[in-house]
Amino acid sequence: MILAILFAILGYRAAGKSGRPKILWAVILAIAFLAVQVAVFAVGVFGVRSLGWDPTVFTKYEWPLNLGGWLLGVLVCSAILFFLGKSADPGSLVEETPAPDEPVDA
């Protein structure tokens, strides 16, 4: 869950820099990460129910399944962030304005 929140924050920032809807991309990245986790679980359930895998597959391979799901989720969300960061028009990138407390270089 922490990684889903982290990717939502990263998506919000990347969308803001590229001029895209921030909230939409934050939600898309959080849902993408969680969807990968659900997909990994669904493959395991399908294997147990339909392919005759050992029903203790989740307890035997808990850490490898979790790690694989996390890595696959990070890979998918990183790819989304990569394409989100690429702008079709280099002039459309939004410059970050300095905070009011920061001095502005002239």
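The values are calculated or read from the model by the stated rules, or taken from the named source; none is laboratory data. Keep in mind that this is a model prediction, so the values were computed, not measured. FYI the Cβ positions are ideal-geometry reconstructions off the backbone, even for glycines, and counts take in every protein chain you see.
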Residue under evaluation ILE9, criteria (1) of a type in the set (A, V, I, L, M, F, W, C); (2) more than 20 Å from the chain's Cα centre (by Cα); (3) surrounded by 12 or more Cβ atoms within 10 Å (Cβ to Cβ), criterion not met: (2)
When residues of the stretch 57-106 are limited to those that are small (Gly, Ala, Ser) and part of a loop (DSSP other than H, G, I, E, B), the one modelled with the lowest pLDDT: ALA88
Answer residue from the stretch 13-52, given it is aromatic (Phe, Trp, Tyr) and within 22 Å of SER78 (Cα to Cα) and is surrounded by the most Cβ atoms within 10 Å (Cβ to Cβ) among those: PHE33
